[in-house]
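The values are calculated or read from the model by the stated rules, or taken from the named source; none is laboratory data. Computed from a predicted model, the values in this text were never measured in an experiment. Note: ideal-geometry Cβ built from the backbone for every residue, glycine included; neighbour counts use all protein chains shown. Keep in mind that these areas ignore ligands, DNA and RNA; they rest on the heavy atoms of the full protein, side chains included. Shrake-Rupley method; radii C 1.70, N 1.55, O 1.52, S 1.80 Å.
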Amino acid sequence: MYITKHTNVTDRTLLDSLWELYTRAYVKIAEEDVSRETLYRSEFDDVMADPTYRTTVVRDDDNQPIAMAVVATDISVTRYRSVPYFRRHYPDRMAEGRVHYIMWVVVHPDHQAGSASWELARAGFSSEVDEGALLVFDLPESNQGSDEGGVVELFRRVASSIAEVELESFGRSRYYALDFAPDRAAVAPTSTH
């Protein structure tokens, strides 16, 4: 197992192998989470080609990618985080370009129980540690059912093994639906007289 780091990925063979890992790793989340957590191929290619993103890849002994993390070093290029929020709450870090966002972390299903996740996080966090960045991430409920344990705990433990770190929680999103299915019984308005 070894690590490679990339920016501005445009090589078609590398893109295809990373896309295959990405889609394979996201199958379960795509089936279980209400929000669209996966990118379309064109969006994926755009992210990979953008030099403001850092990509860390764990490869097996056959040079196949088995885990990948992508970090946006400029959160204004993503639609996923509110720049005004971070300007208000972390003005100095925003001005210095030290608010980064984990776009995704994926691990091949056959390697989730091994050390690939740990190695990926250690290698992926190293640049953020060196820069003193605020590394923002979010997790769908299907991947993190509560505030305890899971990926949050893995990230906290890995980060704590390489630097002093504080974990902050910003909030939670919930999704709702009003079901107007035609088979629902019509409800007549009630009179208050």
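Brief remarks on what is shown
- Among the candidates GLY149, GLY145, GLY171, residue that is under 22 Å from ARG93 (Cα atoms) and at pLDDT below 75: GLY171
- Scanning region 99-132 for residues that are more than 23 Å from VAL27 (Cα to Cα), of a type outside the set (Val, Ile, Thr) and outside any helix (DSSP H, G or I) turns up HIS100, GLY132.
- Residues that are loosely packed, with under 15 Cβ neighbours inside 10 Å and of a type in the set (S, T, N, Q), drawn from region 59-75: ASN63, GLN64
- Of the residues making up region 57-81, those that are in contact with a strand residue (DSSP E or B) (Cβ under 6 Å, 6 or more places away or on another chain) and more than 18 Å from SER17 (Cα to Cα) are VAL71, ALA72, THR73, ILE75, THR78, ARG81.
- Scan of region 25-48 for residues that are at pLDDT below 95 and in contact with a His (Cβ under 9 Å, 6 or more places away or on another chain), ordered by number: ALA25
- Taking the criterion of being over 16 Å from VAL71 (Cβ atoms), part of a helix (DSSP H, G or I) and not charged (D, E, K, R), the residues of region 82-93 that qualify are VAL83, PRO84, TYR85, HIS89, PRO91.
- Residues in region 16-33 that are more than 11 Å from PRO65 (Cβ to Cβ) and surrounded by 13 or more Cβ atoms within 10 Å (Cβ to Cβ): THR23, TYR26, ILE29, ALA30, ASP33.
- Hits in region 87-125 - residues which are within 30 Å of ASP62 (Cβ to Cβ), touching a residue at least 24 places away in the same chain (Cβ under 8 Å) and open to solvent by 40 Å² or more (accessible area, probe 1.4 Å): VAL105, PRO109, ASP110, HIS111, SER115, TRP118, GLU119, ARG122
- Qualifying residue in region 112-122 (condition: over 14 Å from the mean Cα position of the chain (by Cα), modelled with pLDDT of 90 or more and of a type outside the set (A, V, I, L, M)): no
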